[in-house]
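Reading through the structure tokens given below for one structure.
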Amino acid sequence: MGEVPTRSIVRAGLLGGAGAIYVALVGLYTKFADLELVGEQITLGRVLIVAPAFVAAFAVTRPRVVAGVRRSVELRSGLAVGAVSALVGGAFFSVAIWFADWFGVDRIREVFVAVTEPLIDFLTFDKGVPAGLPILIGLCVVGGVVGGFARTAPVAIRRPATAGLLAVILFGLLQRIVPIVFVELGFEADWLYARGSGLTFLGGLVVFVIAAGANAAWNRDEGRSRERVRKSMQQAPAARLGLLVAILAILAILPLLLGTVISEVLGQVMIYVLLGLGLNIVVGYAGLLDLGYVAFFAFGAYTTGVLTGAFLNTTTGAATPALSADLNFFVAVWIVALLAAGVGLLIGAPVLRLRGDYLAIVTLGLGEIVSVITASKWAQPLIGGPQGMRGVTKAEVFGLNFQDNPQHFYYLALAFVLLAAFVSWRLSRSRIGRAWNAMREDEQVADAMGISTTKFKLLAFALGGAIGSLGGALFAVSIGSLTPASFEITVSITALAVVIIGGLGSIPGVVVGALVLLGLPGLLREFEEYRALIYGGALVAIMILRPQGLIPNVRRSRELAEEEVTQDAWATKAGAESEAVAAVLPGGSLGVEKEDLE
Amino acid sequence: MSDPEHLLELTDVAKHFGGLYALSGLTFHVDPGEIVSVIGPNGAGKSTMFNVVTGLYEPDDGDIRFRGANVVGLAPNQITKLGIARTFQTVHLFPNMTILENAMVGQHCRTKSGVVGSVFRLPGTRREEERIRTRARESLGFFGTRLAGYREEQPASALSYANRRRLEMARALATDPALVMLDEPTAGMNPRETLELRDHIVRMRDELGLTVLVIEHDMRVVKGVSDRVVALDYGRKIAEGTYDEVANDPQVIEAYLGTKAVG
């Protein structure tokens with residue numbers, strides 16, 4: 001244990017304990033006490049007891065730099081350190097529980113509504129205080145040991161083991177989705193999942209082995225075989241095409257496998273993929289931080305309504321908007337995109353001279369203006385004001401109903417997403433993408449090299465706006481009625497979070513970001529009320545642990561690593577200089593010059 | 001009074017920042033095919049002159065003509081398109097783009113593919129992209145193998161200091177300019193690299209047919225490359241002529257060394 005300072009161990013333990021107390025106070029334990037992941041004993045609530053100790057142990061056994069040398073902690077001391085920190089944390093947690101019990105649960109509940117008798121019962125395994133507390137501490141210690149193991153065991157073991165563990169938890173959480181897919185595919189699912197609850201023990205074992213095996217295979221020979229696969233993919237267009245076809249085929253049959261509920265979630269995810277792709281052009285490619293992106297979402301949705309013959313909600317029933325058309329959706333949507341590009345120019349023009357923070361603030365204001373307009377009396381004759389609109393087209397075509405049937409809507413959304421992704425991809429690898437890139441890296445120099453920054457900023461706003469408006473149009477079709485409540489600043493924030501979590505400038509990143517931020521909460525309805533907590537937590541965690549995003553754009557990660565490169569360069573230079581001095585001193589000749597490094 | 005024979009002509013150009021006169025009444029010209037060096041002590045207004053000519057600053061007074069046309073008030077990108085390319089005193093690359101991409105950006109102003117062409121990869125766009133690539137490789141090739149081969153795909157930030165300077169020049173050459181303006185190209189280079197660069201400046205004129213305006217502190221380089229030398233001090237031209245004329249000009253000596261103490 002000598003490798004890790006005692007202070008750090010105790011501090012990590014206390015932080016872990018505080019984390020557990022926090023989880024208790026926000027009510028996650030009681031909420032998930034009975035959500036069985038594997039068998040009847042391993043519930044999500046119990047995993048959440050172990051989790052803080054795991055995280056604390058994982059963090060405190062990280063490699064440290066001692067006297068300029070980076071040292072990993074050895075396995076044996078890693079396990080011991082994990083256990084001790086978990087012991088401290090578990091003790092801290094126990095003291096808090098004991099205090100709550102002594103002070104009176106009812107008196108605490110006046111402030112923290114989640115603190116109840118069932119919570120105490122759950123945390124003491126129905127044995128009461130203090131008889132149940134040793135069990136709690138013991139469980140924490142298990143978490144700490146596993147956390148220490150996950151950091152200090154040999155790579156070949158710890159990576160697959162961690163992957164397997166995470167896979168088991170994920171599949172346990174997806175207990176209402178995976179069995180449906182199995183049944184749809186014609187497989188028996190009873191051996192995998194217990195009826196109406198989590199994985200069976202056999203199922204858990206199978207998931208663990210498969211996930212661990214896959215991870216081990218993927219990282220075989222320290223990732224060399226993975227690189228080989230990647231290279232051969234890059235060099236063989238046929239393989240790439242095959243992969244693309246396979247992905248498209250899976251996407252095409254997905255709603256049939258998943259049923260209506262999950263298809264509906266996927267439809268909502270894809271609306272945000274569209275928003276993310278549009279915003280990615282503005283923020284990721286051109287580097288213009290736009291916090292008012294909801295403007296395009298609202299514009300797309302309302303314009304679609306107006307152009308396809310929706311009604312205004314009024315106190316007496318319905319009214320036709322002041323401006324109205326009754327176009328087919330598939331005609332209207334292109335007009336919407338075109339008009340939205342125009343709005344992009346309007347929003348872009350006044351902010352051309354602004355950069356960074358200033359641009360963000362102004363776009364935030366512009367977005368708010370649009371939100372306020374949608375809710376205003378002034379806009380009532382046009383788009384219904386506070387009461388909104390209803391009767392947006394169902395966009396029926398070939399007998400598909402995109403409003404009432406989520407599986408059909410999925411296909412409509414998929415088509416738009418593929419279109420937007422294709423456009424983004426082609427643009428990013430063109431003269432235009434290069435110009436955006438140069439502009440993002442150094443606006444003034446890009447200008448001096450012959451790139452009209454005015455033109456390319458406006459182009460980014462226009463294209464980003466057009467794609468975002470498609471998201472709005474889809475949203476309007478999917479729910480059929482529009483009210484201002486759907487067009488608030490949270491849309492801008494969520495879209496930005498999707499882009500950032502996925503990785504700025506990365507198209508697959510946008511898809512993954514939307515899946516994580518909208519798909520998971522949509523699939524795991526239990527988490528619905530903790531959505532804000534998950535967003536916040538995910539954003540903080542990503543920004544600290546993986547600032548380049550989940551699937552980063554190569555160039556962006558370089559930008560973030562730039563600082564280190566500069567530092568390295570400085571360090572190397574300093575080293576070379578001292579060598580030069582050393583070379584000069586013995587011979588006494590000052591004519592010695594540092595050799596050209598090339 | 002403007003002479004269409006001159007490639008670049010500054011007449012009574014003034015630029016001040018608050019009360020500081022960075023440039024005042026500056027008049028000089030550059031003829032096609034010349035290599036003109038601009039010298040002067042620190043703060044003499046050399047870089048300000050560059051920034052005024054390339055449109056980063058707008059002059060407060062005076063006239064700047066390139067090929068006889070007034071360029072005052074144009075945006076930097078428009079001036080680049082007219083045929084003036086530049087480098088910066090401190091290296092300004094696009095550090096996270098690859099070396100090839102940096103040079104390809106230079107070709108931007110000579111090409112015109114739009115959104116539709118890029119999205120559908122129309123034949124015209126593809127040919128243009130190929131041309132951009134070829135032209136970018138040519139300008140990288142001007143510096144021999146230093147920026148070529150495997151290095152093309154490396155980020156610019158991975159380059160050594162001297163190579164960053166070279167890449168900045170290659171990027172400027174890739175804009176297909178008539179006039180190249182180099183702002184202290186040898187700053188921070190070792191003597192060997194400086195000598196090599198001196199040859200490159202001469203080759204820019206002799207092989208590429210360019211006109212070069214260069215700010216330089218290293219007098220060996222100034223002597224070696226210049227057809228003409230313009231000396232600035234306090235934003236004014238204090239001398240102009242061949243290297244020997246300028247180097248022996250009492251005002252220039254005074255600007256660099258100060259006056260003899262009197263009494």
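Figures for the structure shown
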quantity	calculated
Paramagnetic reach from B:Gln154 in the range B:86-107 [backbone N under 12 Å; point 7 Å along Cα→Cβ]	B:99-100
Dipole axis of chain A (+1 Lys, Arg; -1 Asp, Glu on Cβ), positive-most option in A:Val183, A:Val423, A:Leu289	A:Val423
Contour excess over end-to-end distance, with Cα ends at A:Asp126 and A:Ala318 and 0.36 nm allotted per residue	63.3 nm
FRET efficiency for B:Asp31 and B:Thr145, using Cβ-Cβ distance with R0 set to 41 Å, rounded to 0.05	0.75
Total lysine pairs whose alpha carbons fall under 17 Å of each other in chain B (8 or more apart, or interchain)	4
Amide H contacts under 5 Å for B:Tyr21, placed H, 5+ residues apart	none
A:Ser506, A:Ser8, A:Ser72 arranged by Cβ crowding within 10 Å, fewest neighbours leading	A:Ser72, A:Ser8, A:Ser506
For the range A:463-506 versus the range B:127-158, the gap between their alpha-carbon centres in whole angstrom	40 Å
Gyration tensor verdict on chain A (Cα atoms; rounded if a/c is under 1.5, prolate if a/b is larger than b/c, oblate otherwise)	oblate
Fully extended contour minus Cα-Cα distance, from A:Arg176 to A:Ile551, at 0.36 nm per residue	132.3 nm
Per-residue ³J(HN,Hα) for the range A:22-38, Karplus 6.51 cos²θ - 1.76 cosθ + 1.60, θ = phi - 60°, Hz, x for Gly and Pro	4, 4, 5, 5, 7, x, 5, 5, 5, 4, 10, 4, 9, 7, 7, 9, 10
Share antiparallel - DSSP beta bridges, the protein assembly as shown, percent rounded to 5	65 percent
J(HN,Hα) series, the range A:149-162, from Karplus relation 6.51 cos²θ - 1.76 cosθ + 1.60, nearest Hz, glycine and proline x	4, 4, 9, 10, 5, x, 3, 4, 9, 5, 5, x, 4, 5
A:Glu184, A:Glu264 arranged by Cβ crowding within 10 Å, fewest neighbours leading	A:Glu184, A:Glu264
Positive-end residue of A:Ile493, A:Gly242, A:Thr316, charge dipole of the protein assembly as shown with Cβ unit charges	A:Gly242
Aspartates and glutamates with Cα under 19 Å of A:Lys127, excluding same-chain neighbours fewer than 8 positions away	A:Asp34, A:Glu40, A:Asp101, A:Glu117
Net charge of neighbours whose Cβ lies under 13 Å from the Cβ of A:Glu36, counting Lys and Arg as +1 and Asp and Glu as -1	0
Near-label residues of the range B:70-98 by backbone N, under 18 Å of a point 7 Å along Cα→Cβ of B:Thr11	B:70-74
15 Å beta-carbon shell around A:Val294, net charge (K/R +1, D/E -1)	-3
Inter-probe distance in nm under a simple model that places probes 7 Å from Cα toward Cβ, at A:Val206 and A:Leu419	4.2 nm
Förster radius 35 Å - calculated FRET efficiency between A:Met233 and A:Glu188 (Cβ-Cβ, nearest 0.05)	0.50
Modelled label reach - A:Arg158, point 7 Å along Cα→Cβ, the range A:42-66 residues with backbone N closer than 17 Å	A:53-66
Simple spin-label estimate for A:Trp378 and A:Val10 in nanometres, 7 Å along Cα-Cβ	6.2 nm
Fewest-first sequence of A:Lys231, A:Lys127, B:Lys223 by Cβ atoms within 10 Å of each Cβ	A:Lys231, A:Lys127, B:Lys223
Listed residue (B:Ala162, B:His16, A:Gln268) projecting farthest to the positive dipole end of the protein assembly as shown, Cβ model	A:Gln268
Electrostatic dipole magnitude of the range A:222-321 [Cβ: Lys, Arg +1; Asp, Glu -1; Cα centre; debye, to 20]	560 debye
Point-charge dipole on Cβ atoms (K/R +1, D/E -1) for the range A:167-245, about Cα centre, debye to 20	400 debye
Karplus 3J(HN,Hα) series, Hz, for the range A:433-439 with 6.51 cos²θ - 1.76 cosθ + 1.60 (x for Gly, Pro)	x, 5, 5, 4, 4, 4, 5
Low-density loop positions, GluC sites (Glu not before Pro), the range B:172-210 - DSSP coil, at most 12 other Cβ in 10 Å	B:Glu207
Charged-residue dipole, Cβ positions (Lys, Arg, Asp, Glu), the protein assembly as shown about Cα centre, Debye nearest 20	1640 debye
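FYI, it's all coordinate maths here, none of it is from the lab. What you see is a predicted model, and the numbers here were worked out from it, not measured in a lab. Ideal geometry is used to build each Cβ from the backbone, glycine not excepted, and the neighbour counts take in all protein chains shown.
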